[in-house]
Every structure is written in C-alpha cells, then in structure tokens.
1. I need the GluC sites (Glu not before Pro) found in region B:157-248, filtered to DSSP loop residues with at most 16 other beta carbons within 10 Å of theirs.
2. If you line up the long axis of helix A:446-460 against the longest principal axis of chain A, both from Cα atoms, how many degrees apart are they, to the nearest 10?
3. Want the number for A:S476 to A:D161: 0.36 nm per residue separation, take away the alpha-carbon distance, what's left?
4. Is the C-alpha gyration tensor of chain B telling us rounded, prolate or oblate? Criteria: a/c under 1.5 is rounded; beyond that, a/b larger than b/c is prolate, otherwise oblate.
5. For region A:450-541, which trypsin sites (Lys or Arg not before Pro) pass both filters: DSSP loop (anything but H, G, I, E, B) and at most 15 other C-beta atoms within 10 Å?
6. To the nearest whole number, what is the average tally of beta carbon atoms from other chains within 10 Å of the beta carbons of peptide A:550-558?
7. Is any helix in chain B, taking whole DSSP H runs, at least 24 angstrom long along its axis by alpha carbon and on average at least 1.6 on the Kyte-Doolittle scale, and which ones?
8. I'd like the distance separating the alpha-carbon centroids of region A:101-159 and region B:20-68, in whole Å.
Amino acid sequence: MKALRFRFIIIVAAIAISVYLLYPTYQDYQNTKQISQAVKNKRELLKKVNPGLSVDQLDKLLQNTSDSIKAADPSIREARMKRIKLGLDLQGGMRVVLEVNTVKLLEKLANNPDDAFKNILASAGKEASLSNESVVDLIGRKFQEKGIRLSRYFGTIRQDDSEILKDLKKQSEEAVTRAKEIIRNRVDQYGVSEPSIQLQGERRIIVELPGVAKEEEARQLLQGTALLEFKLLKEPEFTVNVMEQVDRVLAGKSLEDTSEVDSTKNVPGAKKDSSLAKNDTTKNQKLSPEQFAKEHPFFSVALINPQSQSADAYVKADQKERLLRMLAKPEVQNILNSSNAEFVLGAKPVTYQEGQGVFVLYLVNKTAELTGSVVTNANSNIDPSTSAPVVNMEMNSEGATEWARITGANINKRCAIVLDNVVYTAPVIRGKIPGGRSQIEGSTDLAEAKLLEIVLKAGALPAPVDIMEERTVGPSLGQDSISQGFNSTLFGYLLVGIFMIVYYKRAGTASALALSLVIMFILSILAYFKATLTLPGIAGIVLTIGMAVDSNVLIIERIREELATGKTMKASIDSGFSKALAAIVDSNITTMITAVILYQFGTGPVQGFALTLMIGILTSLFGALVITRVLLDFLLNKGYKITLG
Amino acid sequence: MQLFHNLKIDFMGNRKYFYLLSVSLFLLGMFNIAFRGLQFGIDFKGGTEIVVKFEKPIKIADLRTDLQSTGLGEIEIKTFGDNAGALIRTELQALPQNLFPKIQKQIEDDINSSYPAIAGKYRSEKSPNSLTYTFNDPDTASAIANKLFLDGFQSGKVSEEVTNRQVNVQVGISDWIKESLKNKVKGNSFQVLREERVGPKVGNELKRDTMIAIVLSLIGILIYLAFRYKFVFAFGAVLALFHDVLITLGLYAVLYNVIPGLNLEVNLTVVAAFLTLIGYSINDTVIVFDRVRETIKVHKTESLETLMNLAINKTMSRTIITGGTTLMSVFVLLLLGGDVLRAFAFTMFFGIIIGTYSSVFVASAIVVDYAKKYNKKVEF
C-alpha cells in the first residue's frame, strides 16, 4: 500500500511538471491567435482608410502592429521562449547549408598565382567536391606529385611544405569562423527571430531562419561580401545637438521653433551647448514616462548619460526596431544627410538590463575614412606589459599612408570599426600611427579580442561561401502540416485507445489512460530540452502511440495466461508484469538502437523523428511499467473487478 | 473479448508454402528494381525542386507543355496535394548556358525600356549563376538594381560601397521556373509552398551516410542478439530483416507511379522509415524466440518444430494485436498525414505487415531448417 502511494505521488508529480512545462506552449498558441486577430482587424481598417496602400507597405505597417503588441507584454516573449519549438517544416522558413570555398580562398592567399597554379587548384577543387578530403591536403599532394614546392606560391621561401600546409589549414579553418561571424552579424541585423547558426564538420555552416519567406534577400544576406569600414565618430557636442534635432522633428515640432538651441549652436565653444542639452534632459525627467515618450520620442528610446564625457546613447534590445524605424523617416534622414552623419548601433550588447541586452548607439561620419580592404593582417594577443588583451592590425602601404594622415589629424577622437553597418569597437586615437601598424586596446577579454581579429580580417580576406543546400518552406505549407500532424496524433490515439478499451475492457482503459499521459510526457520533455518538433517528429509520436501499447498488450496477455493457470488476480498481475518484463525490454532496445543511429546520421526533420521516437520509447516504458501498474493495483486495492476482455 | 485464443496451427509444417510466398515476393520486387529501378528523391539525386499552389485547379499536362518550351530539358511535374498544387523538379543545378542569351535579352529589354537614355551604355559579364552589369555611375546602378528586383529578377548591387557601379542579377534555375510560370500561366496566380536545392556533393554524402547508418543498425542488432541468443537465432532474425527490407523496397519499385497521390520516391524520411522498420520488425522475432527459449526449459523432450509451433501459437494473439495497433496509427498517418509523410507511412504500413509475417513464418522456419540441416541440438 505504501509502495503504491509512493508511485502514485511520482505519477502525480510527473503530470504536474508536464502541465507546467506545456503551459507556455498553450499560452503562446493563445497569444498568436490574439495577435493574428488584431493584425487582421488592423488590415481591414487600413484597407478601408487607405485603399491605395501597396501590399508591401501594408505588410510593413502590419509587421509594426504585431511587433508593438509583442513588445508591450513581456509575458508574450517569455511564453514564446518556453514553448515547444517548431521545426522549419512546420513554421515555415529557410534552411541553408553553406560551405566555405577553400579554392577561392587559396587563390586569394597565393602570392603570384600563374596558370600552372590555377590548373592545379581547379583540379583539386573538382576532386574535393566529390571526395571528403580537404582541398588543402589535395593541393599538398598534387604539388608534391608535380615536384613543385609550395613556397613558390605560399608563405616564405624558408618554410617547408608541411609548415605551409599547416598554415593554410589554419587559414581555411579561420575562414569558417569568420564566415560564421559575418553571417551571425547580418542575421542579427536582419531581425529574424530565433535564428540558428551552427557549424557542421570542418567547413560547413548550417543557417536556419524561421519565418523568412523572401529567399532572395536572405541569400544575399548570406553570400554577399562583408564590408568593413573605419568611420570617425562625431564630436560629443555635435552628436548631442543632432540627437536633439532628431528628437524634435520626431515629436512633430519644427526645427525653427527652437530658436533657443539653434542660436547657441552657432556660438563658438560648443561646450555650453551640451551642458544646455544635459539640463534639458534632466528637466524632462520630471515628466511622467508617457508624457516624456510623447515629448521626446528619440530620447525615450535612446538614453544618454548626462554625466558621461562621450555622447554614446544606449538602446535596449526590444527598442532597436523602433529606433531604426524612427531613424529611417525622411525628415530624420534630412537632418543626418545635411551633416554627413549616420547613426550606427553596436554589434553586441554592452551590458544587460532586466534580462535584455543594451546596445550603444553611435553617431559617425557617413563617409568612411578607409575600407577594410587595406587591412592585411590582424592578431589578437595579450600585451605582455599590461597583460590586457590587445589586437594588432597591419595595413598595406597605401592604407598605411592614409591611416597616418587620418590618425594624425584626429588625435583624441574616436574611430569606429564598422562591419556591415554595426560597430564592433570605437577606440580613441592616441596619436599618429605611421607605418600602418596599430594596436587596439579595450577588449574586456581574449574572446572579445579574438572576435575583433575576425572582424578586421573580414575586410582583408573574404570567406567566400557556396550554398550547398537550400530548403524553403512557405508558411501555408507549414500550417497545413501542423494541422495534419495534429489530426494524425488525435485520431491515431482515439483509434488505438478505443480499440484497447473495447478489447481489453478495464485493463485496456488503464492502458489508454497511460497512453494519453505518455503523449503529454513526450511533448513536455521536448519543451524542457528546447528540442525542435518537426513533421517527421510528429510521425514519431504517432508511431509511438501504436508501439507503446505493445508493452501493455504483452503484460495483459501474460496476465491472462497466468489467470488461466488458476492464480488469483493479484498474483497474476504480479507475475504477469515480471514475466513480460524481459520481452518488453528486448523489444524496446532494438528500436532504440536504430533510433540512436538515425539521430546520429539524420539531419533536420529526420533528427526530429529519431528524437521523438527515443523519447517515446522511454516514456512508454514508464507508462506501461509504472502508470498502468499503479492503475491496476489501485483498482485491485479498491476492490474493483479487473476485466481483461 | 479474446481473439486468436488457443490456436493450434502447424506453422512449421507448412513452411515450404511460406518460403514459396516469400521467395516469389522477393523475386517480384527484385525484378522490378532491376527493370523499373528505384526512384530517388531530391535528397539523393540533387537538383532543384519547387512546389507551387495555384489559386485555381490546374492541369498537370498543360503545365508540362507550358514548361517544355523553357529550354530546361527534362522537367518532372507532378500533382502535389490537391489538383491546384504542382511539384516541379529538374536535376539541373544551374541554368543551361544556352538559356543565358534569352534571359540576358529579357533583362536588357527591361533595362532599355525603363531607362532608354542608357541603352547600350553598359557592360555585361557572365558567370555560372549570374550576370553582372557595370554602369557609368553609382546612382544608375542603384536605380536599376531596384527596378529589376521589382520586376521579379534577383538583382542586387555588387557591394554597398558608395562608388559601386555594378549590379548583379542571379539567374538560378528556380528563378527561371517561377519567371516562366508567371509568364505562361496567365490569370491563375500561384504561391510557392516549398523550394529546395540540393547540390550533388550533399546527395553523394547522404548516400554514403545512409549506407553507414543501415550497416551500423544491422551490426548493432546483431551484437545485441548475439548477447541474448545463440548464433542460429541471430542468423534467422537478421535474414528475416533482409527479407523485410528488400521486399518493402521491391514494393517501391512495383508501385512507383501506380497509385495516384502516392509519391514513392526514396528520400530521407523514407530512409528513416526503413531504419525504424529494422528496429521494429526485429521485435516480433525476439518475442517469439523468447517464448521458444522459455518453452524449451519446460518441455525438454519435444522437437524444435513442435516447440516453435507452440511458441508461435502462444504469442500469436500478442503479435497480431500489437502489429494491429501500430498498423492503426500508421494507417491514420497514411490517411491524414499529408503528402510529406505519405511515403513514410506507406513504408511503415507495408513494412509492419511484412515484418510481422516474416518474424512468425520466416525467421523461425530458418532456425528449424538450419538446425535440421546441421543436425544440431539448438541451444539458447
């Protein structure tokens, strides 16, 4: 009796935990329904008010509506993060497998490639596309066969082949990390929710972009060459001034209204200006948040620190979209264009507040001082004298001359290192840098310095990527798949459950009940491990429904046989369970073996199938051996007659 | 309710009929595989595939004639889902070179008609998948990149640098198909449901990985069985596995393109189904053998044939019922699971029937015959 109570508690706890884990999924489902209803209403409204709106414009406006609903309530985001993740085949989106093109990279690295070199490279590339050997190895072998030393094209004359090969290998590995970083940077900017970027093998990158339907854009996003630029930051006074102008036009006030600030702007000694601006913002803090947001739309999103020397503004992650929309408005663009300025955001959050990242907003010169093509090398290191992480950067001769001029003319100003329009760092120029060798300090740790090194090299050494595989699922197909999957699971369960109840009566009812819990457990385990549910994954669940009753059938059939030998019900149940155990374990292990292998070898959706199958096997064992058993024991204890059919 | 209770069928005595049935099924399958071949899906073959759904129903035959004139060579077109959906596939990775002039003309006509002032005042360069145009000034380049994009071409500036004067137009194969559909099928707009492009290397790797996965599964099961039983039984069980997989595979060749709406191509999901089948169909065999082992301990003097019959009859109820419940759920999947899962469900459905049959009639029969031939006393 005591043992029964203990097992009973375990089951109740398991149910409670599953409900807790699955609740966000339910919540997210409700939220999505509400948002899509709101968007639908808005669409009708917009169409009525402004029938001339193009589809693109309409979509953009509606996107804003849904974004603002999502941003308004943090519980929506939270539910979304904790729900069962759906695979691309269910929610629609794009999956791209990219491979770094080593051939192109080597061509770029070679010192003076002639036709002989290009021929060898081309044939090595062709071979590599069919075999699994790396291009670098193939090249090494081919050169050896022809009796040409690698140092003719790579490295220095003193290096021997193996050294050069090692070097080239390292270069091609770095190209992969670089490509990954560039892609991550762009995907982050593109604003895809829950993107996934993973390395597979040595030189493949798998990018999954849920909900992306415009493949042209996405493809360009992944394949285009990275643009690295050096841009000078505007002076703090100037920046604050521009920010105020932007704030004013956004609030709907005209620039002329504010003669007060405008007049001070032209007065020499702009220090006064900035102190005025600071006063302005402190004064405004007395306003209620709503009023402040209305009066100062820009400053309510981009917060500036009045005490700080610099004019960097801070933007929270969930406000980024809003800010970018503000900045894209023509009246704001006018202000910026007239002063050759542009706002750029930091690539990574500088700090975290209330669980979300805070990004720095910089105002820089619109025209770049230099582009990254002048960078020849970069290296992250620990400075032996200060033991702080530093990055050393080298430039070619033209770059170095320009760089000396730029740095000489802008001492104590800051220069932003911008990759694809986001700032990685904005160090202060300490002095004139002749010779093109610069040292960049200020990275907080070596990992950050390493990232900067990757960024700097992105300009010098593009990491050309080829698309190996590309799959796009439209949202409507995904929606169809979800409902097909749901229906299959529901009817599959009903059919099997009803059969069990009809065929095995009370014992069958216990199994059917256990089966429904098994399905719930599978889903909640998926939610807990943030695993992805795919359409084949749903097939795995449906299959589990069919196979899970196997154990129950084995047990009940055994109990029947035991009863036939004249044992009591209680004794029959006991020996039925223990005798069926071996067979149950046997039959589940073989399926488990294939599921594990499938998980190892499969990709994407198929992996999802293997996963649900594995989880299904384990949970159905629990269902048959624990839940059904407890239900039967419970019935027995309460004095009910157990019918087996 | 209790079906298949107290069965006393002499399965082993009739085993030559079962052998006959199995061998003929096997030969039928192999014959078809040899002469009709297996159809591999895009996962293995590589190529480009797009699935579109039209607003109104469409005749596949009409679509075929429409697309034949696009110069893409052999295009496969099938219905997808209902009669408004179509799956279009070609094994090509890139547009054939002879199509380039045609597309180039389209692009240039577009440029020339929208900007007559610059007609002819630009250079063009070809690469396998794209065309690059160089214009006189950056602003024209930006304007044309936008214009071409709006007209349905995949165009973009070569770089975002202010001084960039080049526009790149991607002319991939799926773009050309979509473009052609747009031009040929008038008054019936479509939506792209799915688009896939798989490179030849990926397909080759997948073939290799699949072979490894299947071999590993078989080895894993052999090792497991070797621990549990003596060699004879493992031998019988694995032979039965080959029997199941090959007959089901044969069915693929037999029924390919026979049943409308059932697209029997070997793709990744189908491979997953076959691997699952391997794991599933060994179950029944294991359970029968388990019973034989148990019965041997009780009836030490009986012949192996009798013991086998006894064990099979005793477990028949369970075999039929679990096979039946799994069939039920797979049947639901076959009916309701949609196009994507249909081939998977089909494989499982017939695989389970054949697997259940083989574990009862084939695996046990092989063990009996093996024991007879070598006159061995079978031990577990």
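1. Details: sites: B:E160, B:E161, B:E179, B:E195, B:E196, B:E205; in loops: B:E160, B:E161.
Of the GluC sites (Glu not before Pro), the ones in loops of region B:157-248 whose Cβ has at most 16 other Cβ atoms within 10 Å are B:E160, B:E161.
2. 60
3. Numbers: separation 315, 0.36 × 315 = 113.40 nm, distance 5.52 nm.
Once the chain is fully extended between A:S476 and A:D161, it gains 107.9 nm.
4. Here chain B falls in the prolate category.
5. Details: sites: A:K450, A:K457, A:R471, A:K505, A:R506, A:K530; in loops: A:K530.
Those satisfying the criteria are A:K530.
6. Numbers: counts 10, 1, 3, 9, 5, 1, 3, 9, 1.
The per-residue average across the peptide is 5.
7. Numbers: long enough: B:15-35 (30 Å, 1.24); B:200-228 (42 Å, 0.89); B:231-255 (36 Å, 2.12); B:268-298 (46 Å, 1.02); B:304-336 (44 Å, 1.12); B:338-357 (28 Å, 1.31).
Span-like helices in chain B: B:231-255.
8. What the calculation gives is 42 Å, centre to centre.
Only the coordinates and a few stated rules stand behind these numbers; no lab work does. Computed from a predicted model, the values in this text were never measured in an experiment. All Cβ positions, even for glycine, are placed from backbone atoms using ideal geometry, and neighbour counts span all protein chains on display.
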